[in-house]
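This report refers to the structure that appears directly beneath it.
The values are calculated or read from the model by the stated rules, or taken from the named source; none is laboratory data. As the structure is a prediction and not an experimental result, all values here were calculated from the model. Backbone-built Cβ (ideal geometry, glycine too); neighbour counts: all protein chains shown. Heads up: the accessible areas ignore ligands, DNA and RNA and are worked out on the full protein's heavy atoms, side chains in. Shrake-Rupley method; radii C 1.70, N 1.55, O 1.52, S 1.80 Å.
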Amino acid sequence: MAQPSKKPFRWHIAVFLAPAVFVYTAVMIYPLFNTLRLSLYSRVDQERVWVGLDNFRTLFGDAIWSEQFWNALGNNTWFFVIHMAVQNPIGIALAALLSSPRLRFSAFYRTAIFIPTILSFVIVGFAWKLILSPIWGIAPGMLDAIGLKFLYAPWLGKEEYALTTLSLVSVWQYVGIPMMLIYAALLSIPDEILEAGECDGITGMSAFWKIKLPLILPSIGIISVLTFVANFNAFDLIYAAQGALAGPDFSTDILGTFMYRTFFGFQLQLGDPHMGSTIASAMFGIILIGVCIYLFGIQRRLRSYQF
Amino acid sequence: MTPTTRTSLKGALLATTLLGAGAAQAQDVTLTIESWRNDDLSIWQDEIIPAFEAEHPAIKLNFTPSAPAEYNAVLNSKLDAGSAGDIITCRPFDASLALYEAGHLTDLSDLDGMSNFSDVAKSGWSTDDGSATYCVPMASVIHGFIYNKEAFEEVGVEVPETEEEFYAVLDAFKEDGTYIPMAMGTNDQWEAATMGYNNIGPTYWKGEEGRTALIAGEQSLTDEQWVEPFRQLAKWGEYLGDGFEAQTYPDSQNIFTLGRAAIYPAGSWEIAGFNTQAIFDMGAFPPPVPAAGDTCYISDHTDIGIGMNAATEHPEAARTFLNWVASSEFSNIFANAIPGFFPLSDAEVTLEDPLAQEFISWRDECESTIRSTYQILSRGTPNLENDTWNASAAVIKGTESPEDAAARLQDGLASWYEPQQ
């Protein structure tokens, strides 16, 4: 049998990949590894010296640092829990409603709910600060109009409510994303399956629970992971609404604001790029572990259906 | 035109330009000034620079400010690259001290004009032991309370001088109900520390006496005189507007300038803004003293200084300019152009703005000091200044007792500052 002639090296693949690889390396991979590297150094008398894992020992061992770190991680977890418990169920419910063929004006609802997602977090932070403001805000007036004034509190200024309030603002902003993804997944379910179900007497709500939900589970998994990564990298909304000190009394401090304050400094506190990188590395580790748990623990168990 | 003639013409033009520049350089020296005060650009160009150049025609000035938030980073990289201007505007305390230690700023202790400044004024730009001063103090901001004169007349109260009178006035406004007694919020935290704690605090820790004793480790933050300001702040909560917990700094400014509040714990930097915003007459009073006849203390915080780049090519011209900045002539121009930023020199200054006059008059009656957390004490981790913001806000809200807050600050300070251990 004649050997097939050796294929020529396909240069065009390398050429076409090169720009993307180059840009990605320059703006993502290099900074990532440089941040990890920075966390292993410290500055002593104007000189950068290798300190190994000392920075991590300080971060987790020194009460001053570890307290702030666990506080930020705890707040971050709560931020994530609210998103998982509120944003994703609402997103799924909205998608289910939108995909109902009997709903009128569904394109309008879809657009209206999605619009906050494309707004800048600065606008969202500022607008909600004004809405909730005890002085100029419309929240106290609206509650008063329906006789519920007693429910009003300066939410953003109270330790016990501030983080939950901001989480809900973030949910309001981003609920459009799970809605759109689930909506797309629901549309891709073939009608034959639903019709076959109908023949077996599965209609209405039970069609959703027994047929549609299992079929969109992989999408829900992806949304959960996206939410996890986005929440543990969050920074902007808290910074825009509460500033780098994440008041009141650090009750809204999440890993992102803690890292920002440490890395760039704040007011009289001089920036410390090395401790800042250490926190950034810890964030990277946390997200990596979370994503791995999902990939190896959950995604492999999800079954895919071939239509 | 043939190519040859074109080239030679270019060459000739180039030569004239070079010659011209060379000739100008031989006569004049141009000093470039680095600054973060881009708000003051027109004042420098229209008032300060012409006044200086009229006296020193051989020296030209070029004021090149950058954005405040970027200034430190931009300046550092320019200094490292050797492209920074001849004159450097100095941030107070550690940021400039680091530049001096890195050899970027010159020791100016022997400058003639330095004798016009008190030690407190120089403290922002001196080494820890006070042996070298590397920037000429330019301006400070004074803390106190600005009040709505019309509101005071309407409710029929007098300007308070003692603590007791202060709370009596606040009570009167609270009872009357037309005005929010005091406009301040705790959302942004820094007002509570800067316009609260460091405004009234010096009265209790006796200004410089307490501040230097704290740095020396002879007093601690849990001592009576350092806890008392927190006890006072704890009483403020009930006089602030509804929902003050979520009230921001701009909210407070607006509440006051719209005439909804009677008293505003202030820094003098507000004067220019309030003058344009408020339609009522304003007055100011210094922090009230515990008992009638007690010495009053004010926070007269050093904010802007000006120094010389160690790498400048024109050290003589730079010194001439800095000496002029230290003179009363500069002080007068500067203070009137930017009411609310007060010159630090001992020279007599005549201010035209009545509110600014009121603020600066306290220098004669009261002892001056600077904010307690700024010199040396905010170098470590945890950062004392940031912690003070947090503690002051918590005490006003009533979520932390004054004693607990003071103990927490002391623990934090003692964890890294040796004299306090």
- Note on the structure: Label model pair A:Leu270, A:Val291: point-to-point distance (7 angstrom along the Cα→beta-carbon line) in nm is 3.5
- Query: For A:Lys210, which lysines qualify as cross-link partners when the Cα separation must be under 30 Å and same-chain residues fewer than eight apart are set aside?
  - Reply: none
- Task: For chain B, state what percent of all Cα-Cα pairs lands in each successive 10 Å bin, counting from 0 Å until the bin that includes the largest distance.
- Result: 4, 20, 28, 23, 14, 5, 3, 2, 1, 0
- Item | Over chain B: helical MRE at 222 nm, DSSP H runs n ≥ 4 each giving -39500 (n - 2.57), nearest 500 | -13500 deg cm²/dmol
- Item | Neighbour-limited loop hits for trypsin sites (Lys or Arg not before Pro), the stretch B:115-175 (at most 11 other Cβ within 10 Å; DSSP other than H, G, I, E, B) | none
- Residues whose placed amide H lies under 5 Å from that of B:Phe145, excluding near-sequence neighbours: B:Ala266, B:Phe285
- Relative counts (whole %) of C-alpha pair distances in the stretch A:1-152, using bins that are 10 Å wide: 8, 13, 21, 22, 18, 12, 5, 1, 1
- Scattering curve values for chain A, log₁₀ I(q)/I(0), Debye with Cα scatterers, q = 0.07, 0.08, 0.12 Å⁻¹: -0.41, -0.52, -1.00
- Note on the structure: chain A: relative contact order from alpha carbon pairs under 8 Å, six or more residues apart, as a whole percent, is 24
- Query: Which percentage, to the nearest 5, of the DSSP beta bridges contained in the protein assembly as shown is antiparallel?
  - Reply: 65
- What full-extension length gain, to one decimal in nm, is calculated for B:Asp119 and B:Asn336 as 0.36 nm per residue of separation minus the Cα-Cα distance? 75.7 nm
- Task: Please compute how much accessible surface disappears when B pairs with A, both sides summed, using a 1.4 Å probe, and round it to the nearest 100 Å².
- Result: 2200
- Task: With springs only between Cα atoms under 10 Å apart, run a GNM on chain A and tell me which of A:Ala96, A:Ala20, A:Ala234 wobbles the most.
- Result: A:Ala20
- Spread of Cα-to-Cα distances over 20 Å intervals beginning at zero, given as percent, for the protein assembly as shown: 14, 39, 31, 13, 3, 0
- Query: Any idea what angle helix B:163-176 forms with the longest principal axis of chain B, computed on alpha-carbon atoms, 0 to 90 degrees, nearest 10?
  - Reply: 80
- Item | Charged-residue dipole, Cβ positions (Lys, Arg, Asp, Glu), the stretch B:68-136 about Cα centre, Debye nearest 20 | 240
- Message: Take A:Phe16 and B:Ala67, extend 7 Å from each Cα along the Cα→Cβ direction, and tell me the distance between the two endpoints in nm.
- Response: 4.0
- Taking the simple approach of a point 7 Å from Cα along Cα-to-Cβ for both B:Glu150 and B:Ala172, what is their distance in nm? 1.8
- Item | Most to least packed among B:411-420, A:116-125 [average Cβ atoms within 10 Å] | B:411-420, A:116-125
- Note on the structure: For B:Glu238, placing the label point 7 angstrom along Cα-to-beta-carbon and taking the stretch B:137-166, residues whose amide nitrogen sits under 17 Å are B:163-166
- Note, B:Ser140: beta-carbon cut-off 10 Å, +1 each Lys/Arg, -1 each Asp/Glu, net -1
- Message: What do you get for the angle between helix B:384-397 and the principal long axis of chain B? Use alpha-carbon atoms, 0 to 90 degrees, nearest ten.
- Response: 30
- Message: Report the gain in length on full extension from B:Trp416 to B:Asp80: 0.36 nm times residue separation, minus Cα-Cα distance, nm rounded to one decimal.
- Response: 118.0 nm
- Message: Taking the 0 to 90 degree range and rounding to the nearest ten, how far is the long axis of helix B:328-337 tilted relative to the main principal axis of chain B, both from C-alpha atoms?
- Response: 70
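Sort the stretch B:40-122 into rounded, prolate or oblate with this rule: let a ≥ b ≥ c be the square roots of the eigenvalues of the Cα gyration tensor; rounded if a/c is under 1.5, and if a/c is not under 1.5, prolate when a/b is larger than b/c, oblate otherwise.
Note, shape of the stretch B:40-122 comes out oblate.
So if we plug the beta-carbon distance of A:Val27 and B:Glu47 into 1/(1 + (r/R0)^6) with R0 = 51 Å, what FRET efficiency do we get, rounded to 0.05?
Here the calculated transfer efficiency is 0.65.
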- Give the accessible surface of the stretch B:76-225 per residue, rounded to a whole number of Å², with probe radius 1.4 Å and ligands, DNA and RNA excluded. 37
- Message: Ratio of alpha-carbon Rg to the 2.2 N^0.38 Å globular estimate for the stretch A:91-160, to two decimals, please.
- Response: 1.49
- Computed over the Cα atoms of the stretch B:295-414, the Rg and Dmax in Å are 19.4, 57
- Query: What is the extension gain from A:Ile189 to A:Leu53, computed as 0.36 nm multiplied by their sequence separation minus the C-alpha to C-alpha distance, in nm to one decimal?
  - Reply: 43.9 nm
- Using the alpha-carbon centroid of each, what span in Å lies between the stretch B:399-419 and the stretch A:196-237? 50
- Query: lysines near A:Lys158 by alpha-carbon distance under 28 Å, same-chain residues fewer than 8 away left out - which ones?
  - Reply: A:Lys129, A:Lys149, B:Lys174, B:Lys235, B:Lys397
- Reference-scaled alpha-carbon Rg (2.2 N^0.38 Å with N residues) for the stretch B:205-254: 1.58
- Which residue, A:Tyr294, A:Tyr24, A:Tyr109, has the most motion in a Gaussian network model of chain A that connects Cα atoms within less than 10 Å? A:Tyr24
- Task: Report the dimensions of the stretch A:43-128 along its three principal axes from the alpha-carbon atoms, largest first, rounded to Å.
- Result: 69, 25, 24
- Task: Largest first and in whole Å, give the semi-axes of the stretch A:111-223's equivalent ellipsoid, each being the square root of 5 times a Cα gyration tensor eigenvalue.
- Result: 40, 17, 12
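I need the helices of chain A that pass two filters: whole DSSP H segments spanning 18 Å or more by Cα along the axis, and mean Kyte-Doolittle score no lower than 0.0.
A:11-24, A:63-82, A:106-118, A:159-174, A:213-232, A:273-292
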- Here the stretch A:152-305 gives, from Cα atoms, an Rg and Dmax in Å of 21.0, 72
